[in-house]
Amino acid sequence: MALMGAAMELQEMSMGTAFAVGAPAVALGGLCLFLINGYVIEQRRRRSPLPPLPEVPGLPVIGNLLQLKEKKPHMTFARWAKTYGPIYSIKTGSNTIVVLNNNDVAKEAMVTRFSSISTRKLTKALSILTFNKCMVATSDYDDFHKTVKRHILTSVLGPNAQKRHRCHRDTLIANIVKDFHAHVKDYGLQPVNFRNIFESELFGLAMKEAIGSDVESIYMEELGKLSRHEIFTVLVKDPMEGAIDVDWRDFFPYLKWIPNRTFEMKIEKMDFRRQAVMKALIMEQRKRVASGEEKNSYFDYLLTEGKSLTEKQIAMLLWEVIIETSDTTLVTSEWAMYELAKNPKMQDRLYQEIHGVCGSDKITEEKLCQLPFLSAVFHETLRKYSPAPVIPLRFAHEDTELGGYFVPAGSEIVINIYGCNMDENQWETPKEWNPERFLDKKYDQNDMHKTMAFGGGRRMCAGSLQAMLIACTSIGRLVQEFEWRLKDGEEEDVDIVGLTTQKLHPMHAIIRLRN
């Protein structure tokens with residue numbers, strides 16, 4: 001009876017009272033588990049013959065979180081590497097993160113120790129936006145990853161697929177050049193917004209590869225009619241911003257039961273809008289296929305070859321092509337043109353190389369292998385402005401070794417590409433943009449760009465070939481047809497967006513027609 005009475009009293013308690021009683025107990029239980037886990041890890045470390053990792057000093061409970069509040073962790077990691085070495089550990093709340101800052105330890109993690117750290121660790125925002133790892137880039141290295149990577153290489157990003165999509169890239173280049181010519185004709189020497197033109201055409205290419213055609217607008221019951229620009233915002237711009245949002249509960253998993261509705265509602269709204277647009281796009285394509293019209297698109301391929309995939313998985317895989325094609329190549333191309341516009345001698349050297357190989361003919365993809373300085377411009381831009389300065393977190397699912405140190409299971413692994421590319425032991429004057437360094441035979445171009453810009457090993461980025469073809473051909477054609485100069489004050493405008501290396505403000509340049 002006493003037990004029944006106590007139960008009745010608990011049922012009659014207000015939610016606030018229940019929260020006040022239960023919350024401290026749950027938090028204390030979580031904290032105890034955290035401390036026990038820390039003790040177990042310490043005992044395993046003591047039994048290992050390997051030394052412990054250097055640690056960056058932090059505060060109790062929160063660790064190094066306050067030192068990372070500027071939201072540009074790749075830069076902070078690189079500064080710490082000068083004090084603590086190329087590999088060290090930090091604490092973000094209850095999480096232990098091992099940070100890698102040079103090529104040797106990065107390659108060891110991506111290749112040699114891959115089997116121990118092949119699992120992805122995603123934030124709450126990324127878990128929602130990727131439908132719990134339902135993408136090639138964010139999935140764990142399992143059968144699903146191998147299957148969908150094979151799909152995307154076969155249909156979109158592999159060498160044979162790139163040959164089939166050549167017409168779309170040629171159209172993209174032609175449209176970009178036409179738009180810049182129109183600007184010169186209509187506005188003369190007024191600065192042009194490089195991003196507005198390039199971004200729009202890249203999005204068109206992404207849509208053609210994903211679903212077979214570009215779109216001007218679309219209607220759906222959930223959101224009404226959206227323009228092309230609004231579709232771009234929903235599918236690309238908003239998710240890119242949401243992906244770098246931080247939920248404080250990511251750092252304290254034992255407190256994840258505490259609501260964070262502001263964050264949750266923001267990401268859920270973003271996900272809802274994205275799902276609604278993708279559903280409407282797919283519905284239109286299903287009508288096309290039902291009418292008997294076929295196109296060279298990822299959607300058509302998945303309908304026949306991806307029969308084991310759910311509707312939601314198909315939508316996510318199509319969205320992956322759209323967002324990744326629309327963003328990363330833009331970052332590289334914009335920074336390359338910024339640097340060339342800032343360095344007239346480098347720009348003239350590139351023009352002379354192109355003129356010597358192509359003469360009066362327009363540069364094409366077939367000529368790229370004959371243009372070593374253009375290749376050097378591409379690689380050097382990737383080095384200084386890697387589109388993903390930090391590779392998405394990996395998770396050590398067993399005790400392992402990195403850089404000669406003991407790394408306990410449960411550690412999160414950060415490969416700081418920015419830190420690797422700013423390593424003064426690897427690169428002379430690393431903060432300087434100098435394409436000529438890649439003409440030096442001591443650097444293996446292919447190894448550097450594959451490992452440090454596009455990941456490495458079995459998780460190497462599937463889109464590396466397409467990125468090179470689009471960026472190099474675009475850069476070459478724009479320098480071939482126009483002289484580029486930054487508008488006044490543009491040279492100092494080098495701030496970036498948070499966790500990415502995208503320019504905070506679009507590049508504005510003054511362009512003149514050549515001869």
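The values are calculated or read from the model by the stated rules, or taken from the named source; none is laboratory data. These numbers come from a predicted model, not from an experiment. In this analysis, Cβ positions are derived from the backbone assuming ideal geometry, glycine residues included, and neighbour counts consider all displayed protein chains. We work out accessible area using only protein heavy atoms, side chains counted, and drop any ligands, DNA or RNA first. Shrake-Rupley method; radii C 1.70, N 1.55, O 1.52, S 1.80 Å.
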Original post:
Taking the stretch 469-499, which residues are assigned to a loop (DSSP other than H, G, I, E, B) and either aliphatic (A, V, I, L, M) or in contact with a Gly (Cβ under 7 Å, 6 or more places away or on another chain) (or both)?
Top reply: V494, V497, L499
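Condition first: outside any helix (DSSP H, G or I) and more than 28 Å from the chain's Cα centre (by Cα). Can you find one or more residues in the stretch 269-285 that meet it?
Step one: of the stretch 269-285, the residues outside any helix (DSSP H, G or I) are none.
Within the stretch 269-285, none of the residues are outside any helix (DSSP H, G or I) and more than 28 Å from the chain's Cα centre (by Cα).
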Subject >> D300, sole failed condition from (1) among the charged types (D, E, K, R); (2) crowded, with 18+ Cβ neighbours inside 10 Å; (3) without any contact (Cβ under 8 Å) to a residue 40 or more places away in the chain >> reply: (3)
Subject >> Near pairs, Cβ below 9 angstrom, 6+ apart or cross-chain, from the stretch 351-376 (closer than 14 Å to N515 by Cβ and assigned to a helix (DSSP H, G or I)) to any residue that is of a type outside the set (F, W, Y) and modelled with pLDDT under 95 >> reply: Y351/R514
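Of the residues that sit in the stretch 265-295 and are within 30 Å of G93 (Cβ to Cβ) and without any contact (Cβ under 8 Å) to a residue 40 or more places away in the chain, which one is most open to solvent (accessible area, probe 1.4 Å)?
Step one: filter the stretch 265-295 for residues within 30 Å of G93 (Cβ to Cβ), giving 265-272, 274.
Subset that is without any contact (Cβ under 8 Å) to a residue 40 or more places away in the chain: 265-266, 269.
Details: M265: 112, K266: 102, K269: 131 Å².
Ranking the qualifying residues of the stretch 265-295, first place goes to K269.
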Original post:
For the subset of the stretch 463-509 comprising residues that are open to solvent by less than 20 Å² (accessible area, probe 1.4 Å) and in contact with a Pro (Cβ under 7 Å, 6 or more places away or on another chain), which member is farthest from N416 (Cα to Cα)?
Top reply: A509
Subject >> Residue count for the stretch 219-242, restricted to those that are closer than 15 Å to K279 by Cβ and acidic (D, E) >> reply: 2
**OP:** List every residue pair whose Cβ atoms lie under 7 Å apart, where the two residues are 6 or more positions apart in sequence or sit on different chains, the first residue falls within the stretch 80-104 and is on the phi > 0 side of the Ramachandran plot and of a type in the set (G, A, S), and the second residue, located anywhere, is buried (at least 20 other Cβ atoms within 10 Å of the Cβ) and modelled with pLDDT of 95 or more.
**Re:** none
Subject >> Candidates G212, G188, filtered to the one that is surrounded by fewer than 22 Cβ atoms within 10 Å (Cβ to Cβ), out of contact with any Cys (no Cβ under 9 Å at 6 or more places or on another chain) and within 19 Å of L157 (Cβ to Cβ) >> reply: G212
**OP:** Give the stretch 160-169 a look and list any residue that's open to solvent by 10 Å² or more (accessible area, probe 1.4 Å) and either assigned to a loop (DSSP other than H, G, I, E, B) or without any contact (Cβ under 8 Å) to a residue 12 or more places away in the chain (or both), or say none.
**Re:** N160, K163, C167
Original post:
Going through the stretch 221-256 one residue at a time, which ones are part of a loop (DSSP other than H, G, I, E, B), more than 17 Å from the chain's Cα centre (by Cα) and under 17 Å from P392 (Cβ atoms)?
Top reply: D247
**OP:** Counting only residues that are crowded, with 18+ Cβ neighbours inside 10 Å and not hydroxyl-bearing (S, T, Y), give me the strands (runs of 3 or more DSSP E) lying completely in the stretch 378-421 with at least 2 of them.
**Re:** 390-395, 405-407, 412-416
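Only residues that are assigned to a strand (DSSP E or B) and in contact with a Ser or Thr (Cβ under 9 Å, 6 or more places away or on another chain): list them for the stretch 90-105, please.
Here is the first cut: in the stretch 90-105, the ones assigned to a strand (DSSP E or B) are 90-92, 95-100.
Listed by number, the residues that qualify are I90, N95, T96, I97, V98, V99.
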Original post:
Among the residues of the stretch 372-381, is there at least one that is charged (D, E, K, R) and at pLDDT 95 or above?
Top reply: no
**OP:** Go through L157, L122 for me and flag whichever is of a type in the set (A, V, I, L, M, F, W, C), modelled with pLDDT under 90 and open to solvent by 10 Å² or more (accessible area, probe 1.4 Å).
**Re:** L122
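Please work out if I97 is buried (at least 18 other Cβ atoms within 10 Å of the Cβ), at pLDDT below 90 and over 30 Å from Q275 (Cβ atoms).
Answer is no for this residue.
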Original post:
Among the residues of the stretch 218-262 satisfying the criterion of being loosely packed, with under 13 Cβ neighbours inside 10 Å and either at positive phi or aromatic (F, W, Y) (or both), which is modelled with the lowest pLDDT?
Top reply: W257
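Hey, among A174, A137, A182, which residue is assigned to a loop (DSSP other than H, G, I, E, B), open to solvent by 10 Å² or more (accessible area, probe 1.4 Å) and on the phi < 0 side of the Ramachandran plot? Walk me through it before giving the result.
Details: A174 fails: assigned to a loop (DSSP other than H, G, I, E, B); A182 fails: assigned to a loop (DSSP other than H, G, I, E, B).
Residue meeting the stated conditions: A137.
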